[in-house]
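> Below are the structure tokens for one structure; questions will follow.
The values are calculated or read from the model by the stated rules, or taken from the named source; none is laboratory data. Since the structure is predicted, the reported quantities are computational estimates derived from the model, not experimental observations. Reconstructed Cβ throughout: ideal geometry from the backbone, glycine too, with neighbour counts over all protein chains shown. Note: accessible area is taken over every heavy atom of the protein model, side chains too, but ligands, DNA and RNA are not part of it. Shrake-Rupley method; radii C 1.70, N 1.55, O 1.52, S 1.80 Å.
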Amino acid sequence: MNLQLIRNATLVLDYGGVRFLIDPDLAPQHERPSFTGAERNPTVDLPMSLDDVLIGIDAVVVSHLHADHFDTVAKDVLPKSIPLFCQASDKERIEESGFSAVQVVEDTIIHAGLTIERIGGHHGTGDVEQLMGQVSGFVFSADNEPTLYWAGDTVICEEVESAIKTYQPDVIVTHSGGAMWKNQAGEPVYIIMDALQTVNVAQQAPDSTVVAVHMEALDHCTTTRLALRDIATQAGISAERLLIPVDGDMLTL
């Protein structure tokens, strides 16, 4: 299995003979408005050309429809006939963008001999979660491949903990940037994992390699790669167990 971080949550996954593009956010730097007033998003550019990102892509996986996970550039440049996997609540809107091979992962789906299973999550808590809407993570499994659990945009919750226990994944991808949103009372609430929650995942899965992404690309993310590494080291989580790639890094797992 090869896993390349493009930027933020956007990944290229070579798995079971299929090259997946995951949560494509392909816009140039500063193309979209700021979330906090600090800086327009994305705060960094792609680490490679758009053509290089798209080389050999066989299928797309979209966890939810926020712009930093499926943006207008992706909708414009991806072939409309490409297999695209998503949660049921997003199918109609994706098809409205012209995609003709949208496949819902309700529970489990088989594609090209590999299995993709949907895992729920919580994109925040309380009224913030209601605003953020439904999200998904996915477990990938195939013969002669490590089991991969990509948690997606979620904080630690029962679904995440259950997936770790049930699947005992070899690799877990966490969205670890500590992105925050204000609730109705004006209080900031985490909408994805921060450093402490990422370390918690690593502690719950002592036999797994954790790969932390969704960092240093949006202005509402509060956790840096350096801060995560420092907190993990203090908790006794080694650099071999917790991988924190920079944009463009390729991992072989």
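> State the percentage of accessible surface on the chain attributable to carbon and sulfur atoms; use a 1.4 Å probe and exclude ligands, DNA and RNA.
Numbers: 4980 of 10460 Å².
Using a 1.4 Å probe with all protein chains present, the chain comes out at 48 percent carbon and sulfur.
> On the Cα set of the chain, report Rg and Dmax in Å, please.
In Å, with Rg to one decimal and Dmax whole: 16.8, 50.
> Right, something else. Filter the GluC sites (Glu not before Pro) in segment 73-106 to those in DSSP coil with at most 16 other Cβ atoms within 10 Å of their Cβ, and list the result.
Numbers: sites: 92, 95, 96, 106; in loops: 106.
Answer by residue number: 106.
> What shape does segment 140-243 take by its C-alpha gyration tensor, where a ≥ b ≥ c are the square roots of the eigenvalues and a/c under 1.5 counts as rounded, a/b above b/c as prolate, and the rest as oblate? Intermediate results must be reported in sequence, preceding the final value.
Working: a/c = 2.00, a/b = 1.49, b/c = 1.34.
Prolate is the answer for segment 140-243, as a/c is 1.5 or above and a/b outweighs b/c.
> Now, a different point. Before anything else, pin down the relative contact order of the chain: Cα pairs under 8 Å, at least 6 apart, normalised by residue count, whole percent. Mind showing how you got there, number by number?
Working: 600 pairs, mean separation 47.7, N = 253.
So the answer I get is 19 percent.
> Roughly how many debye, to the nearest 20, is the charge dipole of segment 139-239 about its Cα centre, given +1 on each Lys and Arg Cβ, -1 on each Asp and Glu Cβ, and no other charges? Spell out each step's value before the answer.
Details: 4 positive and 13 negative charges, 50 e Å.
Approximately 240 debye in magnitude.
> Residue 10: accessible area at probe 1.4 Å, nearest 10 Å²?
0
> Show that you can apply the helix-only estimate: for the chain, add -39,500 (n - 2.57) for every DSSP H stretch of four or more residues, divide by all residues, and state [θ] at 222 nm to the nearest 500.
Values: 7 runs with 54 residues, N = 253.
Using -39500 (n - 2.57) per qualifying helix, the result is -5500 deg cm²/dmol.
> I'd like the Karplus ³J(HN,Hα) series for segment 45-61: coefficients 6.51, -1.76, 1.60, θ = phi - 60°, whole numbers in Hz, and an x wherever there's a Gly or Pro.
8, 4, x, 8, 6, 4, 4, 5, 4, 8, 4, x, 5, 9, 7, 10, 10
> When you count, for each residue, the other Cβ atoms within 10 Å and take the mean per peptide, how do 76-89, 27-40 rank with the highest first? Present the calculation step by step, with values, prior to reporting the outcome.
Working: 76-89: 16.2, 27-40: 14.1.
Most protected by this proxy first, the peptides run 76-89, 27-40.
> Taking residue 165 as the anchor, which lysines have their alpha carbon closer than 20 Å to its alpha carbon, excluding any fewer than eight residues away along the same chain?
none
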